[in-house]
Amino acid sequence: EKGGYDHFMLKEIHEQPKAIIDTYRGRMLPNEGLIKMSGIDDNLNKFLNANRIIIIACGTSWHAGLVGEYLLEDMARIPVEVEYASEFRYRNPIITPNDVVIAISQSGETADTLAAIKLAKSKGAFVFGICNVVGSSIARETHAGAYTHAGPEIGVASTKAFTTQITVLTLISLKLAKAKGTMSDSAFRMYLQKMQLIPAKIEGLLKIDEKVKEIAAVYKDAKNCLYLGRGFNFPVALEGALKLKEISYIHAEGYPAAEMKHGPIALIDENMPIFVIATNKGHYEKVVSNIQEIKSRSGKIIAIVTEGDVQVREIADHVIEIPETEEALTPLLTTIPFQLLSYHVAVMLGKNVDQPRNLAKSVTVE
Ligand code: M6R
């Protein structure tokens, strides 16, 4: 049942190219220059007239929501807020019938997310679900939605759910951008072409497993790690840190790279591994100077860079290359090495990868 892999998590990491294709199949039509999503098509005016979009979720799904915020605001120019479902439901939020709420949940059973949806509905908001499990409570409770079609995710650490949630959010953002006219037709078509190349690029990235394993072996005994990224890759830094925490039990924190100087830089010494995402179009020069600040304090740098990078390679202790794509699509690639890294660290430390202590796959209690 693990398809020849030692753990479900590794199997699910490797399933991502196919899961992403399953998610966009029939929806994304690059030759026709079209995205079809019935849940959006049937409610297009609600999205186009929305004052704002509020995204609610927990854990990894919340991280996907943050990527969604950057995508929706950048492409479709709709204001977005991303909230932890648990905070949203208890803080007397201002919700009006002109708000669109997007709830994201792999399992569709997360108690806090479900309660937040009920609250939003009671205030008259239109609620759209992005779920993986068909017929789940959240899928039933929302007014409309789009399934991720990732297939069953068994490992407690979410992997393919994350990348397929981002895929759905990318499709929605592109579709709304086209409908609103905030993106040119040529840019829209270019994105569809680039999106279609992502699964093969992930396939290629999965082959660097040995290199990631070597890095895992060097840093597996670290007590603390930092993950840094900017823009679209800031949420990927948060997700990288969560993956390491939950299955390796190593304390890790994700930060926007520029926040370093407001506190966390004090933590850096020669024992601190720092994972930095430095893709070539993502505020590259700024990230390079963030890396220099870390290096001058003896931190160890493991950088995720774009193929052919020279500048970061000179400063970093290790580099992992991802193939070139549009910056907005890079989270689908940069997240892969982080998934593999936490997997290998957990295996090397002898941890229970698929069933980490204290955690359940669906959190059905608040
Ligand atoms: O099923 P959901 O997407 O609603 O679950 C939300 C979180 O509990 C979940 O993403 C959790 O953070 C994962 N274990 C992370 O790997």
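Worth pointing out:
- Global geometry of segment 142-276, whether rounded, prolate or oblate, following the gyration tensor of its Cα atoms and the 1.5 cut on a/c: prolate
- Cα gyration tensor shape of segment 225-366, rounded if a/c is under 1.5, else prolate or oblate by comparing a/b with b/c: prolate
- Here the 3J(HN,Hα) profile of segment 2-10, calculated from phi with Karplus coefficients 6.51, -1.76 and 1.60 at θ = phi - 60°, is 8, x, x, 8, 6, 9, 4, 4, 5 Hz, Gly and Pro shown as x.
- Volume per residue of the C-alpha convex hull in the chain, rounded to whole Å³: 133
- Pairs from Lys160/Lys245; Lys223/Lys351; Lys178/Lys243 whose Cα-Cα separation, in the structure shown, is over 27 Å: Lys178/Lys243
- Taken about its Cα centre, the chain carries a charge dipole of roughly 580 debye when the Cβ of each Lys and Arg holds +1 and the Cβ of each Asp and Glu holds -1.
- Gap separating the Cα centres of segment 1-73 and segment 169-210, nearest whole Å: 11
- Backbone amide hydrogens, once placed in the peptide plane, bring Leu34 within less than 5 Å of Leu29, excluding anything fewer than 5 places away on its chain.
- Among the trypsin sites (Lys or Arg not before Pro) in segment 312-366, those located in a DSSP loop and surrounded by at most 13 other Cβ atoms within 10 Å of their own Cβ are Arg357.
- Gaussian network model of the chain, Cα within-10 Å springs - most flexible of Gln16, Gln339, Gln355: Gln355
- ³J(HN,Hα) computed for each position of segment 253-269 - Karplus, 6.51 cos²θ - 1.76 cosθ + 1.60, integer Hz, glycine/proline x: 10, x, 9, x, 3, 6, 6, 3, 6, 9, x, x, 4, 5, 7, 6, 8
- Sorted on the mean count of surrounding Cβ atoms within 10 Å across their residues, most packed first, peptides 143-150, 239-246 read 239-246, 143-150.
- For segment 203-331, the per residue solvent-accessible surface stands at 40 Å², with DNA, RNA and ligands left out and a 1.4 Å probe.
- Distant-in-sequence amide H partners of Phe275 (H built 1.01 Å from N, under 5 Å): Leu226, Tyr227, Leu228, Ile302
- Take the Cβ atoms of Ser289 and Lys194, set R0 to 30 Å, and the FRET efficiency comes out at 0.60.
- Estimated purely from DSSP H runs of n ≥ 4, each contributing -39500 (n - 2.57), the mean residue ellipticity at 222 nm for the chain is -13500 deg cm²/dmol once divided by its residues.
- Point-to-point label distance, Asp185-Leu359, nm (Cα→Cβ direction, 7 Å offset): 4.6
- Neighbourhood charge, 10 Å Cβ-Cβ cut-off, centred on Arg357 and excluding it, Lys, Arg +1 and Asp, Glu -1: 0
- Straight-line cross-link partners of Lys175 among the aspartates and glutamates, defined as a Cα under 12 Å from its Cα and at least 8 positions apart when in the same chain: Asp41, Asp185.
- Length gained on full extension, Thr96 to Glu210, computed as 0.36 nm times the residue gap minus the Cα-Cα distance: 35.9 nm.
- Estimated vicinal HN-Hα couplings, Hz - segment 237-243 in sequence order (Karplus 6.51, -1.76, 1.60; Gly, Pro = x): 5, 4, 5, x, 5, 4, 4
- Rounded if a/c under 1.5, otherwise prolate or oblate - segment 185-247, Cα gyration tensor axes: oblate
- Subtracting the Cα-Cα distance of Glu203 and Glu307 from their residue separation scaled by 0.36 nm leaves 35.9 nm.
- Over segment 19-96, Cα pairs under 8 Å with separation of 6+ residues give a relative contact order of 25 percent.
- When +1 charges are put on Lys and Arg Cβ atoms and -1 charges on Asp and Glu Cβ atoms, the dipole computed for segment 254-348 relative to its Cα centre reaches about 260 debye.
- Spatially proximal lysines relative to Lys180 (Cα-Cα < 16 Å; intrachain offsets below 8 disregarded): Lys36, Lys46
The values are calculated or read from the model by the stated rules, or taken from the named source; none is laboratory data. No experiment lies behind these values; they were computed from the predicted model shown. Don't worry about glycine lacking a Cβ; one is built from the backbone with ideal geometry, like all the others, and counts go over all protein chains shown. For the accessible areas, the whole protein counts, side chains as well, though only heavy atoms, and no ligand, DNA or RNA atoms are used. Shrake-Rupley method; radii C 1.70, N 1.55, O 1.52, S 1.80 Å.
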